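Asks: Just dropping this structure here.
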Amino acid sequence: MPRIVDIGGFNAVREAGLCKLLPQMPRIAVGMGTCGRGNGAEEVYHALNEEIHEFTAGALQNDDITLVAIKEKVPVEERLEANRRELFRLIDVEGVPIAEACERLKVASSTYYRYKRRVSELGDDAGLKQIRPTPPMARASLEEEAAILDIVRVEPLFGAKRIHEVLHAAKRCRDDLSERAVYATLKRHGLNRKEKRLEFAQTGADTRMARLAQATRADGPANPTESGGGEA
């Protein structure tokens, strides 16, 4: 940059800067996302650019172009299912090779073969839908909770994992009771630590709950006969 010594030099630098910021020929400025939620913007831009060049047939651009890409908010599972259906249509109807169809839709070939097995077992409609397993119930029932405490009394050194195994082996719980639910029960009773389970096994009672009950009684209202409020 030349040294500015007078107003003329300043105006020259100003004009040169404005030419860079505001060129005489209109231009298109594009910001594109190439990963995550913005993935696909580049393909949209190139497709639209080709359409513009084809439409204008080489005519010079004489105005600005503003491009706004709006992403339709579709539930993820609906979009994935539609993608799987398109994959099977390309392969089964159009006869596109599996590798090429997977490349077009950015799908792993292992995904195609996995859903192909499901389609053969469940049919086209159910086989292409995502089957999500029902998460196991997080809390043990009252009967299961009692069974957990029984095991702690007999085997206080057992943690949640071993207790979970014993429960299932003895068929004292439902099939979907998780180890996490067992641990949550232990923690709720203050028995998630080994020393607390040993104490529980020796006393046969949940000392934390006993202390809470004792404190509740201590904070309660005094007996009327003790406060002079007995019968006259």
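Asks: Applying a 10 Å radius around every beta-carbon, put 174-184, 3-13 in order of their mean neighbour count, most first. Write down the numbers at each step before the final one.
Replies: Details: 174-184: 16.9, 3-13: 10.0.
Highest-to-lowest ranking by the protection proxy: 174-184, 3-13.
Asks: I've got another one for you. Which FRET efficiency value, to the nearest 0.05, is calculated for D150 and E195 with the Förster distance at 30 angstrom and r the Cβ-Cβ distance? List each step's numbers first, then the result.
Replies: On the way: r = 19 Å, r/R0 = 0.65.
With a Förster radius of 30 Å, E is 0.95.
Asks: Between I4 and R180, what length comes free when the chain is fully extended (0.36 nm per residue of separation minus the Cα-Cα distance, one decimal in nm)?
Replies: 56.0 nm
Asks: While we're looking at this one, here's another question. Would you calculate the convex hull of the Cα atoms in the stretch 76-127 and tell me its volume per residue in Å³? Before the final figure, lay out each step's value.
Replies: Numbers: hull volume 3.8 nm³, N = 52.
For the stretch 76-127, the hull spanned by Cα atoms encloses 72 Å³ per residue.
Asks: Here is a follow-up. Based on other C-beta atoms within 10 Å, arrange H46, H168 from fewest to most.
Replies: Fewest-to-most Cβ neighbours within 10 Å comes out as H46, H168.
Asks: Next up: If I stretch the segment between N83 and R104 completely, what's the gain in nm (0.36 nm per residue apart, minus their alpha carbon distance), one decimal?
Replies: Result for the pair: 6.5 nm of gain on full extension.
Computed from the coordinates by the stated procedures, all read-outs in this text should not be read as laboratory data. Please read these numbers as outputs of a predicted model, since none were measured by experiment. Glycine also receives a Cβ, built like all others from the backbone with ideal geometry; neighbour counts cover every protein chain displayed.
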